[in-house]
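The values are calculated or read from the model by the stated rules, or taken from the named source; none is laboratory data. Note that the structure is a prediction, hence the values are computed from the model and not measured. Note that each Cβ is placed from the backbone with ideal geometry, even for glycine, and that neighbours are counted across all protein chains shown.
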Amino acid sequence: MKLKQLSLFLENKPGALSRPIRLLARAKLNILTLSIADTDQFGILRLILRDWEKAKQLLEGEGFVVKVTDMVAVEVADRPGGLAEILDVLEKAGINVAFMYAFTEKRKGQAVLIFRFDDPDGAVRVLQKKGMPVIDSGDLLKQLEG
């Protein structure tokens, strides 16, 4: 059920983002989705790839510090209030959302959001119990790489 996300700290300067992206491209490792957050001095690049282990090994071999995080993909109704419904269930269960971002492609007409929870296993249990579709990571990755 969980996806593996790679996180890299990058200096906030020209060329810092392109270096890991080019390394992955040369290795023919396709990025399925990504997010970048920044401050004045550094950024955090977050990536989801099918072959995350190979990507991690490559990036670490090139001197990057790579952190692996469990993420959960959830189908969300693509309408006003869809995300609020998911957040209500999580809040009532006491599960914190650390951060989230979206895939650019929809799945079966639904939006797909990627969440980092303080308790990913608990989040999966609570969401499934409420009938909210948590996406099997294998199915999602197959669909996205088509």
Requested in this report: Can you run down the residue pairs with Cβ atoms below 6 Å, 6 or more apart or on separate chains, where the first is in segment 29-56 and within 17 Å of Ile114 (Cα to Cα) and the partner is exposed (fewer than 15 other Cβ atoms within 10 Å of the Cβ) and of a type in the set (Gly, Ala, Ser)?
Outcome: Ile44/Ala37
Query raised in the report: For the subset of segment 64-123 comprising residues that are outside the structural domain of Ser35 (by TED's automatic domain parsing) and among the aromatic types (Phe, Trp, Tyr), which member is surrounded by the fewest Cβ atoms within 10 Å (Cβ to Cβ)?
Result: Phe99
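Quick check on this structure: which one of Ala55, Ala37, Ala16, Ala25 is at pLDDT 95 or above, of a type in the set (Gly, Ala, Ser) and either over 20 Å from Ser137 (Cα atoms) or in contact with an Asp or Glu (Cβ under 7 Å, 6 or more places away or on another chain) (or both)?
Every option except Ala25 fails the conditions.
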